[in-house]
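One structure is given below, encoded as structure tokens.
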Amino acid sequence: MCGLIGIVGTPDSAYESFLGLMNLQHRGQDGAGILTVDPYCGQFSLQKGSGLVENVFSERSFRNLRGLCAIGHTRYATIGRRDPNMLQPFLEAEAGIGIAHNGNIVNCYQLREDLIDRTPAIRFSTESDSEIILKILAEALGDGPRDVSTVFLAITRAMEVLVGSYSVVGALKDGSVFGFRDPDGIRPLVFGRKSMNGKAAYALASESVALDYLGYAGIDEIQPGEAILIDSNGQVTRKVLHQKTHSSCMFEWVYFARVESEFEREPVYRARFRLGTVLADSIKQRKIEADVVLPVPETSRIAAIAIAESLDLPFRELLIKNRYVNRTFILDGQESRQEAIRRKLFPIAAEIEGKRCLVVDDSIVRGNTAIQILKLIKQCGAREVTVVSTCPPICHPCYYGIDFPSPKELVAYNRTEDEIARVLGADRIVYQTVEGLKKALEQDSICAGCLTGQYPTDVSSGADFELKRLADRQKQLS
Ligand code: SF4
């Protein structure tokens with residue numbers, strides 16, 4: 001999962017991209033990059049580096065990153081985490097195109113072989129699926145003119161062969177910015193506009209929070225399979241090129257997106273609140289009693305408030321987060337994850353002792369985080385611990401860019417709720433159901449592949465990716 005931004009129509013495009021990426025930092029912390037185009041000389045400027053956005057760019061960066069348009073990327077790695085070559089945006093300077101991509105191409109190894117068959121002299125600088133998208137677009141654009149019909153034709157060709165999830169923002173050397181979203185709309189992309197000194201500026205981003213922050217209004221979702229081109233004169237053209245389903249990733253709502261964002265004009269905040277309300281109903285039905293509701297910070301807080309309100313129980317922040325420690329979900333390897341959990345949460349023992357606690361978490365993947373947290377709570381003398389997960393059991397891998405491991409590493413794989421509770425060290429566990437999830441999100445059509453094993457695209461080549469991911473992880477750990 002990564003964060004994307006694209007800005008066109010302002011000399012501050014690079015700085016706005018930087019600010020936009022700061023607001024998308026939660027989507028990836030491995031590295032960041034910004035690509036600008038000076039349309040007067042057709043020159044690209046690119047800066048990227050490892051680490052947090054604020055550490056990659058400095059004041060000097062914005063003297064070099066010049067132009068009326070820019071695209072930016074913040075990276076969350078599923079493979080090649082330590083490889084700086086994998087940082088985006090990717091640029092084909094000779095072809096006059098650069099792109100940044102969020103998602104995962106399931107058939108990337110096949111597409112790579114096809115590209116080599118067609119053009120034996122082709123050179124890849126990385127193993128990234130995003131570079132393959134770039135090569136396919138550059139090949140389809142060729143040396144011909146770049147106008148809306150040729151750009152949309154190139155994107156259509158790409159959509160015909162790419163299998164998986166992809167939101168893409170791109171820049172052409174004439175100063176145009178384009179964007180598109182996969183035919184199932186798995187990964188998000190939003191568009192907004194604003195007026196600056198009487199001139200229009202436009203922006204694309206993974207989440208509305210980045211555009212809101214930058215003052216863009218009229219924020220609108222790019223539809224599944226839709227492409228948009230904003231040329232250097234500010235002409236905007238949008239067209240649905242190849243639509244299959246509406247299958248946006250349920251995990252954006254549950255965990256990944258900022259709570260200030262909106263998808264499909266629905267605030268993530270409200271969706272998370274409803275996740276809690278639906279769960280409270282099933283807690284009531286199961287006649288589970290408790291003294292206090294406490295969230296595992298940060299993502300589950302809104303659902304925990306809803307549960308406490310619905311059950312008429314006190315809501316208490318009893319796990320205090322050390323905000324200088326990174327989110328464990330994005331860290332490398334098991335060991336660092338477990339250490340980080342111990343470092344990052346501090347329980348308020350005096351308020352936990354002797355209480356029956358409803359501990360609300362957004363999701364449980366491997367279970368390592370939950371095991372450590374429950375250990376902490378039990379050590380504080382909790383009388384009883386019920387774990388409440390706003391996400392249903394995750395039993396299948398994600399092939400679309402979320403680092404859910406192979407099934408055997410998933411705590412919910414092949415286990416009953418009682419067995420999961422035992423592994424975690426809880427007295428019981430209450431999971432959201434898939435029906436409850438859809439009801440809470442008010443979405444009939446979502447991707448829930450990791451919950452049900454039913455994916456919106458063919459994932460038969462996903463095993464190649466999984467093998468590569470495991471080999472990569474092994475390499476990092478050795
Ligand atoms: S499989 Fe799960 S995590 Fe992956 S895109 Fe679908 S819903 Fe999201």
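The values are calculated or read from the model by the stated rules, or taken from the named source; none is laboratory data. Everything quoted here is computed from the prediction, not taken from an experiment. With ideal geometry, Cβ positions are generated from the backbone for all residues, glycine too; neighbour counts draw on all protein chains shown.
Table for the structure above
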quantity: Subset of segment 288-326 [under 28 Å from the mean Cα position of the chain (by Cα) and part of a helix (DSSP H, G or I)]; calculated: ARG301, ILE302, ALA303, ALA304, ILE305, ALA306, ILE307
quantity: Checklist (1) surrounded by fewer than 21 Cβ atoms within 10 Å (Cβ to Cβ); (2) at pLDDT 95 or above; (3) not basic (Lys, Arg) applied to ASN197, failing item; calculated: (2)
quantity: Candidate set: segment 105-123, residues that are touching a residue at least 60 places away in the same chain (Cβ under 8 Å) and not in a helix (DSSP H, G or I); chosen: the one farthest from THR78 (Cα to Cα); calculated: ASN107
quantity: Residues located in segment 376-421, provided they are touching a helix residue (DSSP H, G or I) at 6+ places or on another chain (Cβ under 7 Å), of a type in the set (Gly, Ala, Ser) and within 30 Å of TYR76 (Cβ to Cβ); calculated: SER406, ALA412
quantity: Single match in PHE263, PHE251 (criterion: under 30 Å from LEU153 (Cβ atoms), within 16 Å of the ligand (Cβ to nearest atom), touching a strand residue (DSSP E or B) at 6+ places or on another chain (Cβ under 9 Å) and not β-branched (Val, Ile, Thr)); calculated: PHE263
quantity: Extreme residue, farthest from GLY234 (Cα to Cα), among residues of segment 39-75 that are of a type in the set (Ser, Thr, Tyr) and modelled with pLDDT of 90 or more; calculated: SER50
quantity: Residue among LEU376, LEU410 that is out of contact with any Lys or Arg (no Cβ under 6 Å at 6 or more places or on another chain), within 16 Å of the ligand (Cβ to nearest atom) and free of Cβ contacts under 8 Å to residues at least 60 places away in the same chain; calculated: LEU410
quantity: Every residue from segment 82-110 that is more than 16 Å from GLN47 (Cβ to Cβ), of a type outside the set (Phe, Trp, Tyr) and surrounded by fewer than 20 Cβ atoms within 10 Å (Cβ to Cβ); calculated: ARG82, ASP83, GLU92, GLU94, ALA95, GLY96, GLN110
quantity: Selection from segment 149-190 of residues that are assigned to a helix (DSSP H, G or I), buried (at least 18 other Cβ atoms within 10 Å of the Cβ) and touching a residue at least 24 places away in the same chain (Cβ under 8 Å); calculated: VAL151, PHE152, ILE155, ALA158, MET159
quantity: Residue, nearest to ILE371 (Cα to Cα), within segment 430-459, restricted to residues that are free of Cβ contacts under 8 Å to residues at least 60 places away in the same chain and away from the ligand (no atom under 11 Å from the Cβ); calculated: TYR431
quantity: Considering residues of segment 386-395 that are within 14 Å of the ligand (Cβ to nearest atom) and without any contact (Cβ under 8 Å) to a residue 60 or more places away in the chain only, the residue farthest from ALA440 (Cα to Cα); calculated: CYS395
quantity: Any hit, segment 401-414, residues being touching a strand residue (DSSP E or B) at 6+ places or on another chain (Cβ under 9 Å) and of a type in the set (Asp, Glu); calculated: no
quantity: Test for ALA70: is it small (Gly, Ala, Ser) and surrounded by fewer than 13 Cβ atoms within 10 Å (Cβ to Cβ); calculated: no
quantity: Condition check for VAL177: over 21 Å from GLU264 (Cα atoms), within 16 Å of the ligand (Cβ to nearest atom) and in contact with a strand residue (DSSP E or B) (Cβ under 8 Å, 6 or more places away or on another chain); calculated: no
quantity: Filter pass, GLU207 being modelled with pLDDT of 95 or more and within 16 Å of the ligand (Cβ to nearest atom); calculated: yes
quantity: Some residue of segment 349-361 being at pLDDT below 95, in a helix (DSSP H, G or I) and surrounded by fewer than 18 Cβ atoms within 10 Å (Cβ to Cβ); calculated: no
quantity: Yes/no for GLY234 being part of a loop (DSSP other than H, G, I, E, B) and touching a residue at least 60 places away in the same chain (Cβ under 8 Å); calculated: yes
quantity: Test for THR416: is it at pLDDT 95 or above and either assigned by TED's automatic domain parsing to the domain that holds LEU451 or within 14 Å of the ligand (Cβ to nearest atom) (or both); calculated: yes
quantity: Only one of ILE79, ILE71 that is within 20 Å of ARG27 (Cβ to Cβ) and not in a strand (DSSP E or B); calculated: ILE79
quantity: Positions within segment 226-248 being within 16 Å of the ligand (Cβ to nearest atom) and either of a type in the set (Gly, Ala, Ser) or touching a strand residue (DSSP E or B) at 6+ places or on another chain (Cβ under 7 Å) (or both), in sequence order; calculated: SER247, SER248
quantity: From the options VAL430, VAL388, VAL423, residue that is in the same structural domain as GLU289 (by TED's automatic domain parsing) and over 24 Å from ARG274 (Cβ atoms); calculated: VAL423
quantity: Pairs with Cβ under 6 Å, 6+ apart, first in segment 396-407 and part of a helix (DSSP H, G or I), second more than 7 Å from the ligand (Cβ to nearest atom); calculated: PRO407/TYR413
